[in-house]
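See below for the structure under consideration.
The values are calculated or read from the model by the stated rules, or taken from the named source; none is laboratory data. These numbers come from a predicted model, not from an experiment. Counting neighbours? That spans all protein chains shown, and the Cβs are built from the backbone with ideal geometry, glycine included. Remember, those area values only see protein heavy atoms, side chains included, never the ligands or the DNA or RNA. Shrake-Rupley method; radii C 1.70, N 1.55, O 1.52, S 1.80 Å.
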Amino acid sequence: MSLARRIIACLDTDGARVVKGVHFEGLRDAGDPVELAARYNAEGADELVVLDIAAARDNRPTFLETIRRVAEQLAIPLTAGGGIRSLEAARAVVRAGADKIAVNTAAVERPELLGELSAEFGAQAVVLAIDAKREGADWQVRIRGGRQATSLVAREWALHGAESGAGEILLTSVDRDGTQSGFDTELTWAISKAVSVPVIASGGAKVPVHFLEVFTRGAADAALAASIFHDQVQSIRALKEFLRSSGIEVRLPC
Amino acid sequence: MKVTLIDYGAGNVPSVERAFGRLGAQVETTNRAERIAEARCLVLPGVGHCAALIAALDARCLRQPLLRAIGRGAAYLGICLGLQALYESSEEAPTLKGLGLLAGRVTRLPENVKLPHMGWNTLKTVRATRLLDSVPSGAYFYFAHSFAASAAGEESAAVSEHGREFIAVLEKQNICAVQFHPEKSGPPGEQVLRNFLRAAA
């Protein structure tokens, strides 16, 4: 018995549609969230993350409806994020069917939010999403979908976040996101070894060996990808079979 | 089969309700003492902080009706915190009293592993249990917790491991409980819920 490494499928939504951008920009339509959720659930994804990239702008009811419809499809955990700035907004996504809440910009601006969410839902339901960009020898935290720099160092912010109530870190490499050139294993290793909570690596995945690298050299507990699954470039089952044959423990659905 | 789902405000109530609904059970979601006292098949889901569950049960005066229902033989399924609440106490909320239906104290998993224990893990069966009928050996279940019951308890039917062994499935007369989330564990989780309904019938 030991804990399997997780493969997580991510849907970036703009209201009711899934979209995908390169370097957090240049969005294009990538499908229907409910159809994709059903497919990933059946293919053996270990979790699903739905991030509303339009959340800061408008259209909250549409996103909640998307969460509700996606949750109906799933017998696996669902994380919702994007524009969740208050306990009340978090309650709304949990009521809609999310098991976990991901926060990013709002936690940087008001770190107490992590403690408030953790007190109400438990640390296991609070995911701190960190967008990190290489700056010299370290990584800097960026907010607003990667567009705005902060003075925070990613490792210190991850540690503070875990101490404040986050039960998991969703770590995205801004440098790699959308490039399909592989995960930033150095960044992932630095954060994963620093914190006592699980770390989900994100940004840059294309081929199965990228996942193998981030589990071994990056010490990731989970790895997340979006477009390669949407576009059927990579099937989740084939990815997991590759990982298992490479000695990584993964859950292969019976 | 009618299932009475105790809703004390836990986040996973809707997904547990959906999961039983998919199996054709009639689900009543309630936080009313009289409904719980009369129930024949009770489910206590729970996720988050143990203190929140115990405090909510006591604030709504649900402890006695729940104990009475279990005492007269109602089928009980505890999920995650619904398992931990069965014990005398938990290290997570040391000043609060658990339901005390099982002896012992729930303790934190060791610090040498990442916590929460979050994700999919397998089980080792230690005693036959109806809950795992037709569940393939090697099946994975979804866990999300940092505290757990000692694997040594005689009520233990299956254990899992994260830093140490702990109880993953227990069955003692009409009391059943699982540390994982069957409502989030794909087909094997669904089978566990189906088995519970069968045992409760």
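General remarks:
- Both chains summed, the buried accessible area for A and B stands near 2600 Å², from protein heavy atoms and a 1.4 Å probe.
- Once C-alpha pairs closer than 8 Å and six or more residues apart are averaged by separation and normalised to the residue number of the stretch A:6-245, the relative contact order reads 17 percent.
- The dipole here belongs to chain A: it is taken about the Cα centre, uses +1 on the Cβ of Lys and Arg and -1 on the Cβ of Asp and Glu, and is about 240 debye.
- The three principal axes of the C-alpha atoms in chain B carry coordinate ranges of 44, 40, 28 Å, sorted with the longest axis first.
- Kirkwood hydrodynamic radius of the protein assembly as shown, from inverse mean 1/r over distinct Cα pairs, in Å: 22.0
- Distance between the 7 Å Cα→Cβ label points at A:D138 and A:E186: 1.6 nm.
- Length released on extending from A:L252 to A:S151, taking residue separation times 0.36 nm less the Cα-Cα span: 32.2 nm
- Residue ranges B:18-28, A:129-139 sort as A:129-139, B:18-28 when ordered by packing (mean number of other C-beta atoms within 10 Å per residue, highest first).
- Surface composition of chain B: carbon plus sulfur atoms hold 49% of the accessible area, using a 1.4 angstrom probe and ignoring ligands, DNA and RNA.
- Within 10 Å of the Cβ of each residue in B:74-84, the mean number of Cβ atoms contributed by other protein chains is 0.
- Positive-end residue of A:P208, A:L64, A:H160, charge dipole of chain A with Cβ unit charges: A:P208
- Reach of A:K133 by Cα under 17 Å, taken over aspartates and glutamates that are not fewer than 8 positions away in the same chain: A:E25, A:E156, A:D175, A:D177, A:D184, A:E186
- Normalising the average separation of contacting C-alpha pairs (under 8 angstrom, six or more residues apart) by the number of residues puts the relative contact order of chain B at 19 percent.
- Each Lys and Arg adds +1 at its Cβ and each Asp and Glu adds -1 at its Cβ; summed about the Cα centre, the protein assembly as shown shows a dipole of about 860 debye.
- Shape summary of chain A, radius of gyration then Dmax from alpha carbon positions: 16.5, 47 Å.
- Options B:L170, A:A38, A:L78, ranked by Cα towards positive dipole end of the protein assembly as shown, top entry (Cβ charges): B:L170
- Averaged over the residues of A:114-124, the number of partner chain Cβ atoms lying within 10 Å of the residue Cβ comes to 5.
- Dipole-positive endmost among B:N31, A:G122, B:I70 within the protein assembly as shown (Cβ charges, Cα centre): B:I70
- Per residue value of the accessible surface for the protein assembly as shown (all protein chains in place, 1.4 Å probe), Å²: 37
- Shielding value for B:108-119 is 5, the average number of Cβ atoms from other chains within 10 Å of each residue's Cβ.
- With each label modelled as a point 7 angstrom along the Cα→C-beta vector, the B:K124-B:E111 pair spans 2.6 nm.
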